[in-house]
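Asker: Okay, here's the structure, questions in a sec.
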Amino acid sequence: MGGGVRTVRVIVTLKPGVLDAPGQAIQKGLAALGHAGVRQVRAGRYFEIELDGTDGLDDRVRDMCEGFLANTLIEQYRYDIV
Amino acid sequence: MGGGVRTVRVIVTLKPGVLDAPGQAIQKGLAALGHAGVRQVRAGRYFEIELDGTDGLDDRVRDMCEGFLANTLIEQYRYDIV
Amino acid sequence: MNIGIVVFPGSNCDADTYHAVRDVLGYHGQYVWHEERSLAGLDAVILPGGFSYGDYLRAGAIATTSPAVRALKPYVTGGGLVLGICNGFQTLLEAGLLPGAMQPNLSGQFRCEFVHLRTERADTPFTCGLKPGDVLRIPIAHAEGRYLIEPAARPALAAHRQVVFRYCSAHGAVTPAVNPNGSEDAIAGVASPSGAVLGLMPHPERASDELVGGTDGARIFSSLAMWITTGRRPSMQPVEVH
Amino acid sequence: MVARPRIEEPAPAPAVRAPGAGLRPSERDEIRRRLGRDPTPAELGMFDVMWSEHCAYKHSRAVLKRLPARGPGLLRGPGENAGAVSVGAGWAAVFKMESHNHPSAVAPYHGAATGVGGIIRDILAMGARPIALLDSLRFGPPDDPGVARTMHGVVSGIAGYGNSIGVPTVGGELACAPCYRRSPLVNVACLGLVREDRIATSRAAGPGNAVLYLGARTGRDGMHGAAFASAGLAGDAADRSAVQMGDPFAGKLLIEATLEALMTGAVVALQDLGAAGLTCALSEMAARGGVGMEVDLRIVPRREDGMTPEEVLLSESQERMLLVVQAGRHAEICKIAGRWGLAAAVIGTVTADPLLLIRDGDHVVARLDPRHLTDAPAYAPDAVEPAYLAALRGFDPASLAPVAAADALIALLRSPGVASKRWVYRQYDHMIQTNTVLPPGADAAVLRIREAAPRGVALTVDGNSRYCYLDPYVGGILAVLEAAQNLACVGAAPAAVTDCLNFASPERPEVFWTFRRAVEGIAHGCEALDVPVVGGNVSFYNEAGEGIYPTPVVAMLGRLDDVRRHAGAGWTRDGDLVVLVGCECGRLDGSEYLATVHGITAGRLREPDVPAAARAIRCVREAVAGGVVSSAHDCSEGGIAVALAECSVAGGLGARVVLDAAGERRPDEILFGEQIGRIVVSLRPDALSALGELARRFAVPLKVIGSVGGGRLIIDADVAPSRAGTAAPGSAGRWLDVDLSTLAAASETEGRLS
Ligand SMILES: Nc1ncnc2c1ncn2[C@@H]1O[C@H](COP(=O)(O)OP(=O)(O)O)[C@@H](O)[C@H]1O
Ligand SMILES: [Mg+2]
């Protein structure tokens, strides 16, 4: 198995079309603060994961996302490995 | 003022040194599900903002972050403009 | 005496606070809609608990954009008294009217239960009827009540004696076991240096009636009433910042 | 018929689904016959959802007629969004329970959260302010990490929604069994308060009146959800649109805006947009009022571009209401909506003819009698007694190996169904609105009604699915009696019942038989107590893999004339007497002891002596309300030993008790046997004669079994010398001697479940 430590950055957002109440509230808040031209805000979650070993990293990360970090019924995820 | 619509991606995380309880909980959750070798998890928030106009974008985004999206007493932010 | 209770669209302890102030204690209270731009004429303003604007960013963050919260700064400068309860406390932090920041409870969960509070400072408008060391039994109900203060601001907090309440045992002992949310130094309530602005996580309005929750919380409201009716003014304590 | 207008239980659906796919060939024929033509695609989609099991109660309607909808103080029974009973001084309590099982299985947090939102809006539709919530939960064994995740997700979802909107969750129940592993149950009841003369209606009326949309904007949420709650739970993770997301902030705004709108006097009728969205609200409101409506879908406020008329008609977006507003007064309502930051729009008008005319701009998408949609066909499924019952009834507890009493007690206290639920209810704001006189932890919650002081109400939710598995009829009776018994312990008299009937597929004759028997049992129990069933909900098709146990759940509302006269479960005073009200014997059949300690779910349940239990319940209520006793707690799961342990832990005081061990009965049966109508009370010695007086009046057995005091729970066996020879081996002497902190630690779940 490959050694070393890798950092994975995961972003989880709601699928398009799913109600994003936080995003809407933040958009309103920005407008109330006087920020003009904010067309849309989408809110999501971010995870920075330090992982041991480099083998099968994609599979491992996908597993974590599908089984835990995201609810794929309503959320989508993307990640990059640093 | 420059036209067009730009997308800004903001990531807000806790400053180093501030105990990241949600991150620790996720780390434990991953371990309980059998994911070995998860050294550390840091949790944060993610925002995808669609903005009208391209002028002074950096200043506008910094303003939004400092004054609103992040609590700079305990949080740090970074962003990129797509 | 005229106590204003600010109503945000997502406030949900506004009516409870009003009930405690008016029906139980017999003081005059009035609701103040969040779009109000002036707080003039009010002897004190209470920011009640709830979820001001849904609290989808950080608790209290979006509330700082409202006219009523923006009016707080001039109101305080002009000698006004402000009490922030739970979400109101979070809002005062986000608005920069009190030092520090809130994080989610260490448990990661909402907590609704009775806690004990040790009175650390009894010379504020909200605690003048108490003695230092008095233990109050009052409930909490929050998901984000872990009070943190950045290291650089800690000396000032101590020097100005800004910690007004700490979580403690029934006998007044401050131990990690009785800290319900992981707050730094078991801090449950913080005031401005003069004491004119107080924020606390526990809900005194829920402990103002013998039949529901006891009457320890009423002592905070009756302190405020005593302060106002006797015409006392908050005084700056001597400050030593190291 | 009992009020069962709509339900709020969408299930995941395949992403692509033809409209009408859920209809049977005979139903398609019936639609053509009623319309005298082929339905339009939109109409077909409307029939599909309105004639789903979920909305139409196709399989359950006939059976539900058995439930009694009459009783003292009943104000609204059949035909509205929720039932209502009087609580005195001109105030009405509105009460209803609903399930959100399927959504909670796939998205525990959001499924449970939207379940809370949905039931709250049913109460709101009656013009009432929601004042309390109860939750009844079933999960698989929590040592399974997947189950634990679901369980925590559900609890935090209920907390997330209920806490935000400021309605206290004051009680509930939670039980675990393997059959719920992939089919968790999430039932939520809501109580509302409204002045009797201001109870609202959903009957549309007044041709020319405005049909007004109020609330959050419409998106593609939960498309076809209602139709799919009527199919078994398939594991299709590709679907996205059947899961709705709630926005509790919008839910709070909707409560305030709706109540303010009602205060204007301009609102003629209203209903929430729940399952089947606009389709359901439009057709039900029109059909109930015997009128028609003309509606333009173009005007419906939307969240997304490019929605088709069918999508707008069927969307299950949350936090929306439909109002009929007096002609010319809609601007007042729109202004209120604006103040609360909600969308509002007049989307149509009421018409005299019973015709639902739905346009998308100039294009007519549906044109039909609303009653065609609401009067769905009903079916009488076959019912066959399940074969498994005979085998389970043959079980003989005499075959059990003895277990040390203290070990069994600790095991019982640790089991998730018996252990303290503090880990659950401390996540719920149970104090907000400052009316919670007796918080969760007691047998029932007690709320004061400030508007009608000194009156109060009590709330409990009960249902033992193990009993229903072994005998659904007896289980149904026992659910009702246990609820009443819990109310009695806090000093309240039963006033109204709402139920949630959770079953597997009604198309399986063995399942349908259990459904029918359970309803008959509930009906019998309610009739015996003279308490009306004011509403409820049926959830079928709970069968991912194995089917669930028949799980009827009963929520009961009680009245207290003087809310200050209540009691808790815990001992309050050293030296008080401990008295058992009701019969002394319990049985091991179907008991928690069998399940937890021996891993057996079997036995024959006896039909309870309902009148005797009802008398014991009345006796205890009078004793509590009359201030005769200091505490009261019923013996439920785990029998008298667990009840005594709970009284001790709750009161922080020990007790010394002697139980009759004469005769052939096994010690475990005496300690852990279960039976309805047994209540442990504590009282001052000088109050004993008053209690004896009550017991004689109600012809209820009474026995002093011990006294409160010390830091240990000690249970001794009393073997009368003359009969000592006949006592079961090992029964004499000291059965139990456990210190309080051991009991408390066993019951506490901190670090195990939380
Ligand atoms: N899911 C839940 N939510 C809120 N409270 C609960 C829940 N489950 C149990 N409780 C509370 O815990 C206490 C004990 O519940 P339970 O053992 O079911 O009582 P009983 O046996 O008297 O019906 C009750 O006050 C009940 O309301
Ligand atoms: Mg009970």
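Asker: Of all strands (runs of 3 or more DSSP E) completely enclosed by the stretch C:109-214, which ones contain at least 3 residues that are within 24 Å of C:Arg232 (Cβ to Cβ)?
Answerer: It comes to C:111-119, C:163-168, C:187-191, C:197-200.
Asker: Here is a further query. Taking the stretch D:604-639, which residues are under 18 Å from D:Glu674 (Cβ atoms) and of a type in the set (Val, Ile, Thr)?
Answerer: If the condition is that a residue be under 18 Å from D:Glu674 (Cβ atoms) and of a type in the set (Val, Ile, Thr), then D:Val610, D:Ile617, D:Val620 are the ones that fit.
Asker: Specify the residue that is surrounded by the fewest Cβ atoms within 10 Å (Cβ to Cβ); the eligible residues are those in the stretch D:362-400 that are β-branched (Val, Ile, Thr) and outside any strand (DSSP E or B).
Answerer: D:Val384
Asker: Given the conditions (1) part of a loop (DSSP other than H, G, I, E, B); (2) more than 7 Å from chain B (Cβ to nearest Cβ); (3) not small (Gly, Ala, Ser), report the number of the one that A:His35 does not fulfil.
Answerer: Just one mismatch for A:His35, condition (2).
Asker: Which of the following residues is of a type in the set (S, T, N, Q) and either in a helix (DSSP H, G or I) or within 14 Å of ligand 1 (Cβ to nearest atom) (or both): D:Ser682, D:Ser689?
Answerer: Within the list D:Ser682, D:Ser689, the selection yields D:Ser689.
Asker: Looking only at strands (runs of 3 or more DSSP E) that lie completely in the stretch D:572-662, which have at least 1 residues being crowded, with 24+ Cβ neighbours inside 10 Å and within 16 Å of ligand 1 (Cβ to nearest atom)? Before you say what the answer is, go through the steps one by one.
Answerer: Working: elements: D:577-581, D:631-634, D:655-660.
Once the strands (runs of 3 or more DSSP E) in the stretch D:572-662 are filtered for at least 1 residues that are crowded, with 24+ Cβ neighbours inside 10 Å and within 16 Å of ligand 1 (Cβ to nearest atom), what remains is D:577-581, D:631-634.
Asker: Only one of (1) at pLDDT below 95; (2) closer than 23 Å to D:Glu319 by Cα; (3) out of contact with any strand residue (DSSP E or B) (no Cβ under 9 Å at 6 or more places or on another chain) fails for D:Glu80. Which number is that?
Answerer: (3)
Asker: Follow-up. Please work out if D:Val563 is of a type in the set (A, V, I, L, M), within 14 Å of chain C (Cβ to nearest Cβ) and either away from ligand 2 (no atom under 16 Å from the Cβ) or in contact (Cβ under 8 Å) with a residue 60 or more places away in the chain (or both). First the steps, then the outcome.
Answerer: Values: of a type in the set (A, V, I, L, M): yes; within 14 Å of chain C (Cβ to nearest Cβ): yes; either away from ligand 2 (no atom under 16 Å from the Cβ) or in contact (Cβ under 8 Å) with a residue 60 or more places away in the chain (or both): yes.
Answer is yes for this residue.
Asker: Mind listing whichever residues of the stretch C:172-211 are within 19 Å of C:Ser223 (Cβ to Cβ) and within 14 Å of chain D (Cβ to nearest Cβ)?
Answerer: Selection gives C:Met201, C:Pro202, C:His203, C:Pro204, C:Glu205, C:Arg206, C:Ala207, C:Ser208, C:Asp209, C:Glu210.
Asker: Run down D:Ala453, D:Ala376, D:Ala408, D:Ala445 and say which single residue is away from ligand 1 (no atom under 16 Å from the Cβ) and within 14 Å of chain C (Cβ to nearest Cβ).
Answerer: D:Ala453
Asker: Filter the stretch D:157-176 down to the residues that are more than 7 Å from chain C (Cβ to nearest Cβ) and among the hydroxyl-bearing types (Ser, Thr, Tyr) and list them by number.
Answerer: Within the stretch D:157-176, D:Tyr161, D:Thr169 meet the criteria.
Asker: Would you check which residues across the stretch D:411-438 are part of a helix (DSSP H, G or I), within 14 Å of chain C (Cβ to nearest Cβ) and surrounded by 19 or more Cβ atoms within 10 Å (Cβ to Cβ) and list them?
Answerer: D:Trp423, D:Val424, D:Tyr425
Asker: A further question follows. Those residues that are surrounded by fewer than 24 Cβ atoms within 10 Å (Cβ to Cβ), assigned to a helix (DSSP H, G or I) and touching a strand residue (DSSP E or B) at 6+ places or on another chain (Cβ under 9 Å), I need them from the stretch D:295-334; list them, please.
Answerer: D:Arg298, D:Ile299, D:Pro309, D:Glu310, D:Glu311, D:His330, D:Glu332, D:Cys334
Asker: Still on this model: Is it true that some residue in the stretch D:521-529 is in contact (Cβ under 8 Å) with a residue 40 or more places away in the chain and within 16 Å of ligand 1 (Cβ to nearest atom)? Explain how you work it out, then say what you get.
Answerer: Going residue by residue through the stretch D:521-529, those that are in contact (Cβ under 8 Å) with a residue 40 or more places away in the chain are D:521-529.
Imposing the further condition that a residue be within 16 Å of ligand 1 (Cβ to nearest atom) reduces the set to D:525.
Looking through the stretch D:521-529, at least one residue is in contact (Cβ under 8 Å) with a residue 40 or more places away in the chain and within 16 Å of ligand 1 (Cβ to nearest atom).
Asker: Looking at D:Gly246 and the list (1) modelled with pLDDT of 95 or more; (2) within 12 Å of chain C (Cβ to nearest Cβ), which single condition is not satisfied?
Answerer: Just one mismatch for D:Gly246, condition (1).
Asker: Does any residue of the stretch D:551-567 turn out to be part of a loop (DSSP other than H, G, I, E, B) and within 16 Å of ligand 1 (Cβ to nearest atom)?
Answerer: Yes; the residues of the stretch D:551-567 include at least one that is part of a loop (DSSP other than H, G, I, E, B) and within 16 Å of ligand 1 (Cβ to nearest atom).
Asker: For the stretch A:60-82, what are the residues that are more than 8 Å from chain B (Cβ to nearest Cβ), over 18 Å from B:Arg39 (Cβ atoms) and in a helix (DSSP H, G or I)?
Answerer: Result: A:Arg62, A:Glu66.
Asker: Go through (1) surrounded by fewer than 20 Cβ atoms within 10 Å (Cβ to Cβ); (2) touching a residue at least 12 places away in the same chain (Cβ under 8 Å); (3) at the interface with another protein chain (Cβ under 7 Å from one of its Cβ atoms) and name the single condition B:Gly44 misses.
Answerer: (1)
Asker: Check off (1) more than 14 Å from chain D (Cβ to nearest Cβ); (2) buried (at least 18 other Cβ atoms within 10 Å of the Cβ); (3) in contact with a strand residue (DSSP E or B) (Cβ under 7 Å, 6 or more places away or on another chain) for C:Cys112 and give me the number that stays unchecked.
Answerer: (1)
The values are calculated or read from the model by the stated rules, or taken from the named source; none is laboratory data. This is a predicted model, so every value here is computed, not measured. Neighbour counts run over all protein chains shown; Cβ positions are idealised from the backbone, glycine included.
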